[in-house]
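Chemist: This structure is in structure tokens; I'll ask about it shortly.
The values are calculated or read from the model by the stated rules, or taken from the named source; none is laboratory data. No experiment lies behind these values; they were computed from the predicted model shown. Here the Cβ positions follow ideal geometry from the backbone for every residue, glycine too, while neighbour counts run over all protein chains shown. Accessible surface is based on the protein model in full, side chains and every heavy atom, while ligands, DNA and RNA are left aside. Shrake-Rupley method; radii C 1.70, N 1.55, O 1.52, S 1.80 Å.
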Amino acid sequence: MTKQKSDEPDLTPFGGPAGGWGSVRSLAEILPRERIPPEALRELVRQNKPDGFQCVSCAWPKPAHNHPVEFCEEGAKATAWELTTLRTKPEFFEKHTLTELRTWRDYDLEQHGRLTHPLRYDAATDKYVVVDWDEAFREIGAELKQIAPPSVVFYSSGRASLEASYMYGLMARMFGNQNLPDSSNMCHESTSVGLKAAIGVPVGTTQLKDFELCDAIFFFGQNVGSNAPRMLHDLRSARKRGIEIVTFNPLRERGLERFTDPQNPFEMATLRETNISTQYHQVRAGGDIAAMMAIAKFLVEWDDEAKTQGKDLVLDHAFIEQHTSGFDDFITFVRAADWDAIVQESGLSKAELEVSARIYAKSKAVMIIYGMGLTQHVKGVENVRMVVNLLLMRGNIGKPGAGPTPVRGHSNVQGQRTVGITEKTELVPVDKLAEQYGFSPPREKGLDTVESCRGVIDGSVKAFIALGGNFLRAVPETEAMEAAWFNLRVSVQIATKLNRNHLFPGAVTYLLPCLGRIESDIQASGAQAISVEDSTSCIHGSKGKARPASTHLLSEPAIIAGIAKQTLPHNPKVDWDRWVADYSTIRDAIEETYPAVFPDFNKRMFQPGGFWKGNKASERIWLTKSGKAEFLTPTGLSATGFDDADGRYRLMTLRSNDQFNTTIYGYHDRFRGVKGTRDVLFMNSADIARDGLHEGQIVALESDVGDGITRVREGLIVMPYSIPEGCLGAYYPECNVLMSVEHFAEESHVPAAKSVPVRIRV
Ligand SMILES: Nc1nc2c(c(=O)[nH]1)N[C@H]1C(S)=C(S)[C@@H](COP(=O)(O)OP(=O)(O)OC[C@H]3O[C@@H](n4cnc5c(=O)[nH]c(N)nc54)[C@H](O)[C@@H]3O)O[C@H]1N2
Ligand SMILES: Nc1nc2c(c(=O)[nH]1)N[C@H]1C(S)=C(S)[C@@H](COP(=O)(O)OP(=O)(O)OC[C@H]3O[C@@H](n4cnc5c(=O)[nH]c(N)nc54)[C@H](O)[C@@H]3O)O[C@H]1N2
Ligand SMILES: [Mo]
């Protein structure tokens with residue numbers, strides 16, 4: 001595209017690799033932006049080291065054998081965001097009413113830096129005012145005691161530690177509910193539901209070492225260059241061994257194409273790049289079931305041929321016989337699936353699909369890596385089940401170098417589930433909790449994210465407590481949710497920086513600032529450490545050493561204990577103060593509740609590379625209903641959950657290279673060639689021509705779920721992009737206004753953010 005004035009948006013295709021000098025330059029912009037003094041850089045060097053802190057950005061595992069610097073551009077941005085010397089002080093809140101702040105952009109809200117004081121909303125002035133911690137806890141407790149337990153929601157974002165999360169889940173259950181939605185409900189819940197039903201564990205079965213042992217990697221719907229950049233090192237070493245990486249993604253994502261290691265002086269000096277994907281298939285959004293069905297069809301066809309010719313079979317019949325159930329029904333479906341329908345839905349030609357199937361058929365050990373491109377669809381669980389189907393066909397689970405590899409989002413989102421953050425009774429050892437703490441834990445299923453949204457809108461939810469996150473901005477149905485938030489009796493947000501959710505008060509509203517993970521956390525027994533679980537089920541200790549952003553901050557465990565003590569009846573078996581004084585006693589309690597997962601927790605938490613919590617499916621022990629791994633016959637070929645229609649597009653809501661979820665670091669998306677704006681609509685040139693639009697034109701999108709509610713996002717700049725016809729891309733969270741709360745994945749209730757039905761309005 002043509003260059004524009006520097007203060008105007010610039011949409012120019014990016015020519016470089018992921019990583020490389022671009023990422024070094026990007027860092028050089030970030031540190032001054034956050035006013036970080038050079039000496040604070042030593043914190044970066046401690047990132048992801050056994051004796052350091054665990055990165056607050058993504059959940060990709062940290063290796064046991066460290067590089068001198070073990071962080072990526074995105075991790076450095078996340079660290080800088082927390083270490084910033086900028087502060088949102090009480091004076092800031094004296095100047096601005098919430099009504100005014102609601103007109104600000106997300107970026108501007110967080111750009112004022114870390115919160116410094118506990119705050120209470122004063123309705124008379126429409127401002128936050130400083131409050132005393134004890135007074136805050138007292139009022140929150142007094143209020144919550146007045147509300148029936150089913151009407152209170154305890155949300156958590158996936159950053160909080162295992163220690164804080166365990167206390168939080170226990171507090172909710174002792175209060176009398178399991179209304180414990182978390183960010184995972186919007187993210188990998190489709191994985192937790194799909195993998196649990198199929199292979200008996202809710203998590204991936206692979207570890208970092210499998211990258212050294214696999215023969216091929218299939219990669220679906222994850223944008224590694226922006227969202228898990230440290231994985232590029234693992235992918236690059238796999239490529240150096242000659243491993244094929246077959247990618248399915250509607251967009252051509254730079255990190256999946258090419259990478260230069262910014263930490264490798266030789267590569268940097270010679271501008272040497274590694275090609276990451278050996279095949280790149282631009283599947284239609286929601287077309288992955290069809291694409292995987294094609295691979296399955298080729299495997300069956302080649303297996304039949306091999307049988308008649310007396311050659312080596314393509315399917316692993318011995319494995320299927322011994323370890324699986326549901327194969328016959330699945331294969332009947334595969335044989336019957338119609339090629340024209342597969343080509344139509346996937347948007348890929350039969351020849352193109354065949355080359356990917358060839359790689360799969362000839363590889364002895366295959367990892368399938370995936371992200372939000374599979375989970376955030378109406379048929380997101382079926383997407384995950386198709387991944388398992390493919391793996392099972394050739395015995396690719398429970399052997400070295402093979403297995404499903406979901407890439408988790410937040411740095412401890414998987415761990416929160418491990419220690420009880422869940423609305424589902426069957427995932428918690430309720431009897432154990434009853435015995436350990438002498439109370440009767442609730443057994444009714446609690447509210448998940450979608451159900452909590454419905455409850456806020458219909459008024460049945462009266463109080464909302466948030467351990468981090470930006471719930472209002474992350475969920476669908478922005479307009480109705482924001483309007484309904486004012487009807488809450490109680491809104492309590494535990495946070496590090498100001499975000500849009502904090503600007504929507506209930507009758508009683510608190511904004512409680514906490515320590516970040518990078519900061520030193522001194523309690524009665526001395527300096528404390530916390531722990532997190534990564535995407536591959538390894539548990540790591542983390543020690544913050546940086547000076548806290550303010551002397552008025554409390555740690556998350558201290559805030560939870562403060563609320564719990566004022567809300568719950570006294571229980572001699574729960575000593576909240578002792579837990580806060582010494583977090584190793586929380587870990588002892590966790591170990592007592594989950595003895596199989598956390599033996600010797602305190603001793604092992606700083607083991608290099610973390611300690612692995614084990615995974616039965618990886619030993620081919622299937623904790624499913626049938627005792628076998630389950631094939632699932634899908635209900636159709638499309639994951640979108642709606643029919644195609646004239647003028648209806650499939651909108652994917654995406655992250656840029658310059659954001660962490662609802663936190664907007666800046667307005668550039670380097671790899672996609674976007675500078676200075678987030679108001680972009682990625683669109684296929686043929687669609688632009690057919691709709692009579694032109695590059696740079698400003699258009700609006702309108703929701704097309706057909707429920708009679710008008711949802712519009714104005715002001716998007718049309719940008720021709722390498723994306724399949726009929727598909728659109730635009731940024732999350734600004735496009736959440738277009739999403740119906742009822743448009744979610746079946747079974748898992750993950751909002752279907754990757755196939756939102758929309759129309760373009762000029
Ligand atoms: N820097 C940074 N790191 C992050 C985050 C962040 O915001 N910033 N967020 C964290 C969190 S919580 C999460 S969950 C992860 C998210 O990381 P990702 O899983 O990468 O999530 P998205 O950015 O939403 O991108 C999804 C990718 O899927 C593709 N896609 C969309 N629809 C489809 C489809 O139908 N089929 C296929 N095959 N592909 C599709 C998109 O083109 C895009 O490349 O990253 C975590 N890490
Ligand atoms: N349309 C669309 N919607 C989506 C998605 C999508 O792809 N498309 N992705 C979904 C996904 S995968 C996710 S995970 C959710 C994310 O949803 P959330 O996890 O709720 O949102 P975040 O943006 O990660 O939360 C950012 C806020 O967390 C607070 N915070 C940061 N660090 C800490 C800390 O250490 N402690 C505490 N207490 N607070 C802290 C800060 O105040 C910051 O403003 O969004 C979901 N929504
Ligand atoms: Mo996520």
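Chemist: Can Thr125 be described as more than 28 Å from Glu519 (Cα to Cα), of a type in the set (Val, Ile, Thr) and assigned by TED's automatic domain parsing to the domain that holds Leu511?
Modeler: yes
Chemist: Would you check which residues across the range 529-557 are open to solvent by 20 Å² or more (accessible area, probe 1.4 Å) and closer than 26 Å to Pro599 by Cα and list them?
Modeler: Initially, the range 529-557 is screened for residues open to solvent by 20 Å² or more (accessible area, probe 1.4 Å), giving 530, 543, 545, 547-548, 551-552, 554, 556.
Once the filter is applied, which keeps residues that are open to solvent by 20 Å² or more (accessible area, probe 1.4 Å) and closer than 26 Å to Pro599 by Cα, the range 529-557 yields Ile530, Lys543, Glu556.
Chemist: Next question. Looking at Glu423, Glu435 in this structure, which one is in a loop (DSSP other than H, G, I, E, B) and among the acidic types (Asp, Glu)?
Modeler: The match here is Glu423.
Chemist: When you scan the range 566-684 for helices (runs of 4 or more DSSP H) that lie fully inside it, which ones turn up with 3 or more residues that are surrounded by fewer than 19 Cβ atoms within 10 Å (Cβ to Cβ) and touching a helix residue (DSSP H, G or I) at 6+ places or on another chain (Cβ under 7 Å)? I'd like the intermediate steps shown before the answer.
Modeler: Numbers: elements: 576-581, 583-593, 601-604.
In the range 566-684, the matching helices (runs of 4 or more DSSP H) lie at 583-593.
Chemist: Kindly evaluate Arg489 against the criterion of being within 22 Å of the chain's Cα centre (by Cα) and open to solvent by 20 Å² or more (accessible area, probe 1.4 Å).
Modeler: For Arg489, the condition - within 22 Å of the chain's Cα centre (by Cα) and open to solvent by 20 Å² or more (accessible area, probe 1.4 Å) - is not met.
Chemist: Starting from residues that are among the β-branched types (Val, Ile, Thr) and modelled with pLDDT of 95 or more, keep the ones in the range 66-113 and report whichever is most open to solvent (accessible area, probe 1.4 Å). Steps first, answer last, please.
Modeler: Initial filter on the range 66-113 (among the β-branched types (Val, Ile, Thr)): 69, 79, 84-85, 88, 97, 99, 103.
Filter once more, so that each one left must be modelled with pLDDT of 95 or more: 88, 97, 99, 103.
Values: Thr88: 2, Thr97: 40, Thr99: 75, Thr103: 109 Å².
The selected residue is Thr103.
Chemist: Have a look at Leu447, Leu433 and point out the one that is of a type in the set (A, V, I, L, M, F, W, C), surrounded by fewer than 24 Cβ atoms within 10 Å (Cβ to Cβ) and more than 22 Å from His540 (Cα to Cα).
Modeler: Numbers: Leu447 fails: surrounded by fewer than 24 Cβ atoms within 10 Å (Cβ to Cβ).
Just one listed residue meets the conditions, Leu433.
Chemist: Anything in the range 369-416 that is part of a helix (DSSP H, G or I), away from ligand 2 (no atom under 13 Å from the Cβ) and open to solvent by 10 Å² or more (accessible area, probe 1.4 Å)? List them, or say none.
Modeler: Those that are part of a helix (DSSP H, G or I), away from ligand 2 (no atom under 13 Å from the Cβ) and open to solvent by 10 Å² or more (accessible area, probe 1.4 Å): Glu382, Arg385.
Chemist: Which residue out of Glu163, Glu212, Glu244, Glu189 is within 14 Å of ligand 1 (Cβ to nearest atom) and of a type in the set (D, E, K, R)?
Modeler: Being within 14 Å of ligand 1 (Cβ to nearest atom) and of a type in the set (D, E, K, R) holds for just one of Glu163, Glu212, Glu244, Glu189, which is Glu189.
Chemist: Let me ask something additional. Of the residues Ser537, Ser550, only one is more than 26 Å from the chain's Cα centre (by Cα), in the same structural domain as Lys145 (by TED's automatic domain parsing) and of a type in the set (Ser, Thr, Tyr); which?
Modeler: Ser550
Chemist: May I pose another question? Taking Ala753 as meeting all but one of (1) closer than 25 Å to Gly371 by Cα; (2) away from ligand 3 (no atom under 16 Å from the Cβ), write down the number of the exception.
Modeler: Unmet for Ala753, out of (1) closer than 25 Å to Gly371 by Cα; (2) away from ligand 3 (no atom under 16 Å from the Cβ): (2).
Chemist: Just give me the residues in the range 462-473 being within 16 Å of ligand 2 (Cβ to nearest atom) and either touching a strand residue (DSSP E or B) at 6+ places or on another chain (Cβ under 9 Å) or charged (D, E, K, R) (or both), in sequence order.
Modeler: Phe464, Ile465, Ala466, Leu467, Gly468, Gly469, Asn470, Phe471, Arg473
Chemist: Counting only residues that are farther than 17 Å from Gly506 by Cα and in contact with an Asp or Glu (Cβ under 8 Å, 6 or more places away or on another chain), how many does the range 114-149 have?
Modeler: 1
Chemist: So, one more: Sort out which residues of the range 300-315 are under 18 Å from Asp328 (Cα atoms), part of a loop (DSSP other than H, G, I, E, B) and either of a type in the set (Lys, Arg) or open to solvent by 70 Å² or more (accessible area, probe 1.4 Å) (or both), and write them in order of number.
Modeler: Passing the criteria: only Leu313.
Chemist: Just a yes or no: is a residue in the range 409-430 away from ligand 1 (no atom under 16 Å from the Cβ), touching a residue at least 40 places away in the same chain (Cβ under 8 Å) and among the small types (Gly, Ala, Ser)?
Modeler: Taking every residue of the range 409-430 in turn, at least one turns out to be away from ligand 1 (no atom under 16 Å from the Cβ), touching a residue at least 40 places away in the same chain (Cβ under 8 Å) and among the small types (Gly, Ala, Ser).
Here's the yes/no breakdown for (1) surrounded by fewer than 23 Cβ atoms within 10 Å (Cβ to Cβ); (2) touching a Ser or Thr at 6+ places or on another chain (Cβ under 6 Å):
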| site | (1), (2) |
| --- | --- |
| Phe218 | no, no |
| Asn223 | no, no |
| Arg230 | yes, no |
| Ala238 | no, no |
| Arg241 | yes, no |
| Glu244 | yes, yes |
| Thr247 | no, yes |
| Arg252 | yes, yes |
| Leu256 | no, yes |
